[in-house]
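First the structure, in the form of C-alpha cells, and then the observations on it.
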Amino acid sequence: MKKLLYILFMTLILSNCDYNEKLASVYIQKIHNSEKVIYKYTYSGNYDSHRSGTVILDSTSNFTSKKSYEVETGLITEIDSNNVIKSLDLSLNNGNSDNGYIKTENKNYEDINVNIKYYQNKSGWNEKHLYYFDKVKESKYQLTFYGIERKHGNLQTDTLTIQKGGIWIRETDGIVDYLQFFRLKENEKDNRPEYSSINFEFYPKEKMYVNELSDYGFFKRINLTEQNK
C-alpha cells in the first residue's frame, strides 16, 4: 500500500512539474552562408527546476525543443569560416584523465559540423573576469574591443580581438548590458594540468543598442512561444 501511494505521489509531482514548465528564454544566432540558425533555450518549472538545450533549425521553421532536433554543443567558443561550431565541455562527469584532456568529438547536425573538446573539471569552479570598453568593431568572423578598462581580471591590454560565434548579448529592452563569452583556462596542480572556464563579461561605458551588432556571431535574445514542442 505504501509503495502504491509513493508511486501515485511521485506521478503527481512529475505531472505537475511538466504542466507548469514555461519557456524562460530563447537566444538565436544566424550562420553565415547557411539557411540554418542556432537556438539556445531555457525552460523553468516547479521547485526552481530548469532545463536548457540547443537546437539547429531551418530559418523558416518555427522554434521547437523537440528531442529530434536537439544538438550537443557544450560551451560554444566560436564558429569558424568553414561554419564549424567549436565548443568546450567541462562537465564534472566527463571522466578521468592523467592530463585533464578527455577526447574530441566531431558531430554533424543538419549539415552543420560541431567540434567538441571534452576536459576534466574536478572542481566545478569557474572564474569571472569583468571589463569596461569604449567601443567595438565587428568584421565577418571577429569582434574587437577598444578602450578596455579592467574591473576584475588579468587582461593587460586596451584592445582585444576575439572570434565570433560564442558571444552572448545580455540586454534590457534593446540596450546592451554586457557582452559575454567563455574561454578555457589551464592550471597546474601537483605537476598535472587542470582545466576550468573563464566567464568574460565586457560592459559598454556608453549606451549601446543591440541592433548595432549583426545577427551573425552573436546570441541575441528573442521573445517567442514554442509552437511545436
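Just so you know, all these numbers are worked out from the coordinates, no wet-lab data involved. Keep in mind the model is a prediction, meaning the values are calculated, not measured. Reconstructed Cβ throughout: ideal geometry from the backbone, glycine too, with neighbour counts over all protein chains shown.
Before moving on, here are some points about what is shown:
- Ranked list, fewest to most other Cβ atoms within 10 Å of each Cβ, for Asp173, Asp215, Asp89: Asp173, Asp215, Asp89
- Nonlocal amide H pairs with Leu57, under 5 Å, H built at 1.01 Å: Val37, Tyr39
- Annotation: amide H-H contacts under 5 Å for Tyr178 (H modelled 1.01 Å from N, sequence separation of 5 or more, or interchain): Arg170.
- Equivalent ellipsoid dimensions for segment 72-210 as semi-axes, Å, which come from the Cα gyration tensor, largest first: 28, 20, 12
- Links that overshoot a 29 Å alpha carbon limit, given the list Lys40/Lys137; Lys22/Lys137; Lys30/Lys205; Lys107/Lys220; Lys164/Lys207; Lys22/Lys140: Lys22/Lys137; Lys22/Lys140
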